[in-house]
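The values are calculated or read from the model by the stated rules, or taken from the named source; none is laboratory data. As the structure is a computational prediction, the values presented were derived from the model and not from experiment. Cβ coordinates were reconstructed from backbone atoms using ideal geometry, including for glycine residues, and neighbour counts include every protein chain displayed. Quick note on the areas: whole protein, heavy atoms, side chains included, nothing else; ligands and nucleic acids left out. Shrake-Rupley method; radii C 1.70, N 1.55, O 1.52, S 1.80 Å.
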Amino acid sequence: MLEKINQRVTKLEIPGTRQFSNRVSALRDGINFTIGEPDIPTPHSVKKAAIKAIENNQTGYSHNAGLFELRESVSNFFKDTYDVKYNPEDQIVVTTGASEGLRSVFETILNEGDEVIIPAPCYSAYEPLVDLLGASVTYMDTSDTDFVPDPEMLRSMITDKTKAVLLNFPSNPTGKVLSETEMAPLVEELASHEIFIISDEIYSEITYDAKHISFSQYPELHDKLFLIHGLSKSHSMTGWRLGYVLGPSELMPHVLKVHLYDTICASLPSQYAAIDALDNSRHSAAEMAATYRDRRDLIVERLTQIGLKTKTPQGAFYVFPSIEKFNMSSFEFADRLLEEEHVAVVPGSGFTEFGEGFIRISYATSIENINEGLKRIERFVEKLS
Ligand code: PLP
């Protein structure tokens, strides 16, 4: 029967990140720098809100778009944070994590043969989601432009097949956060085309040197912008599966249809927890970001001492140093580091061909692990040099 299943599914591969994290988890003394989720517990009051919901038997379906009260909380968050108005009635859909938000938007806008442009290196789950719909991804190289998408390059890549541009800042895997001067020409270019913009801002609350600027802050983009957001990273809620999509009122009813056929609604106890996260526990995200900032400072200082050149990440919890000088592929570097020093990192090639020559280190792990892991990386680099 195998040959009868969807050929697009048979072609899918398990992401490279998994291989390294599975291998390191089998080692007693392994240090795992591959993890893409916070190591800090979900805030106490958020957990209590979910427990209360369960005890009150609030365990059924909700409105397909999510509890109205939660959509109001999301709307208030955008008003307070970015001074942007999203109407809870028809511009917000609560989803099963940012992942389902992405899938719902792709299913809403993509026809077979369409193309989506994505600056790369980038998160590895975008392309499979696009491929499954018979559309395709065209990657835009940002490895020579400090991980900033070049508006002229973007213009040259747009064809009549281009349906959308997907952006992810703060970026996984680079930690890049766009400044106002970097955003302005990009927004101008994006505004001049009849294409959708999907902005995955799941790491928006984890920035270190400057506040995140949201694409939603540019009114000229509003009629074509879908914002992908959620609480997985800001409130350590990856397993709660709680995200949301915001977009134009004309288009969101279509996203809602896809979402309701895909999942009916997001988990109800998670939705009650999310109300607490957005109304009462916004400070928790800032506290977590302060913890990551200390780790970021330590890791950048140590990598520099070791001689691994890196841009200082300004957001998310990843650093993306260059390993180009070692004359080996990023896969070989990661493979040998794991074999010889029991330290797992993700090869840059796991984030498209434009990530080759880099490795991704996640610092969503303790200071002790960071110190021990970097000691071993230093020893490994000395052996190579
Ligand atoms: N977008 C990016 C850039 C991510 O890195 C991740 C998870 O690592 C997701 C989306 C998925 O988020 P969620 O767990 O809310 O589905």
**Q.** Using a Förster distance of 22 Å, the FRET efficiency for D80-S249 (Cβ separation, nearest 0.05)
**A.** 0.60
Q) What is the sum of charges around S45, taking Lys and Arg as +1, Asp and Glu as -1, for the other residues whose C-beta is under 11 Å from the C-beta of S45? A) +1
Q | For segment 245-298 versus segment 329-370, the gap between their alpha-carbon centres in whole angstrom | A | 28
Q. Label point 7 Å out from S45 along Cα-to-Cβ: which residues of segment 230-267 have amide N under 15 Å?
A. 235
Q. Working out 0.36 nm times the residue gap between L260 and K383, then minus their Cα-Cα distance, what length gain in nm do you get to one decimal?
A. 38.8 nm
Q. By average Cβ neighbour count within 10 Å, what is the ranking of 285-291, 19-25, 275-281 from highest down?
A. 275-281, 19-25, 285-291
Q: Note the full-extension length gain between L298 and K311 as 0.36 nm times their separation in residues minus their Cα-Cα distance, in nm to one decimal.
A: 3.3 nm
Q | Between segment 96-128 and segment 202-240, the alpha-carbon center distance in angstrom | A | 16
Q: Holding the Cα-Cα limit at 30 Å, pick out from K79/K233; K11/K161; K85/K163; K48/K79; K52/K233; K47/K224 the pairs that are longer than that.
A: K47/K224
(Q) Quick check: at a probe of 1.4 Å, how many percent of the accessible area of segment 139-224 sits on carbon and sulfur atoms? (A) 48
**Q.** Calculated from backbone phi, Karplus (6.51, -1.76, 1.60) coupling profile of segment 362-367 in Hz, x at Gly/Pro
**A.** 8, 9, 7, 7, 5, 4
Q. Per residue, what accessible area does the chain have, given a 1.4 Å probe and all protein chains present, in Å²?
A. 43
Q: Would you kindly give the portion of the calculated P(r) for segment 54-125 that falls above 20 Å, as a percent of all Cα pairs?
A: 50
Q) Which residues' amide hydrogens lie under 5 Å from the amide hydrogen of M140, considering only partners 5 or more residues apart or on another chain, with H built in the peptide plane? A) I118, A120
Q) Given Cα pairs under 8 Å that are at least 6 residues apart, what percent is the relative contact order of segment 238-385? A) 18
(Q) Please list, in order along segment 369-377, the HN-Hα scalar couplings obtained from phi with the Karplus expression 6.51 cos²θ - 1.76 cosθ + 1.60 (θ = phi - 60°), rounded to whole Hz, x for Gly and Pro. (A) 4, 5, 4, 5, x, 6, 4, 5, 5
Q) How large is the charge dipole for the chain, taken about the Cα centre, if only the Cβ atoms of Lys, Arg (+1) and Asp, Glu (-1) carry charge, to the nearest 20 debye? A) 1080
Q | Rounded tilt (10° steps) of 44-55 against the dominant C-alpha axis of the chain | A | 50
Q: Work out how much length E55 to D29 would gain on full extension: take 0.36 nm times their residue separation and subtract the Cα-Cα distance, in nm to one decimal.
A: 5.3 nm
Q: Give the angle, between 0 and 90 degrees and rounded to the nearest 10, that separates the Cα long axis of helix 97-109 from the longest principal axis of the Cα atoms of the chain.
A: 60
Q: Note down the relative contact order for the chain as a percent, whole number, built from C-alpha pairs under 8 angstrom at least six residues apart.
A: 25
Q. Packing-wise, with mean Cβ within 10 Å as the measure, how do 38-50, 190-202 rank, highest first?
A. 190-202, 38-50
Q | Helix-only mean residue ellipticity at 222 nm for the chain, each DSSP H run of n ≥ 4 adding -39500 (n - 2.57), per residue, nearest 500 | A | -13000 deg cm²/dmol
**Q.** Total formal charge among the other residues, if their Cβ is under 11 angstrom from that of T81, Lys/Arg +1 and Asp/Glu -1
**A.** -1
Q: Compute the convex hull volume of the Cα atoms of the chain, divide it by the residue count, and report the result per residue in Å³ as a whole number.
A: 152
**Q.** Radius 12 Å from Cβ of L70, net charge of other residues (Lys, Arg +1; Asp, Glu -1)
**A.** -3
Q) What nm distance separates the two modelled labels at T159 and A184, each placed 7 Å from Cα along Cα→Cβ? A) 3.4
**Q.** Cα-centre dipole for segment 255-352 with unit charges at Cβ (Lys and Arg positive, Asp and Glu negative), debye to 20
**A.** 340
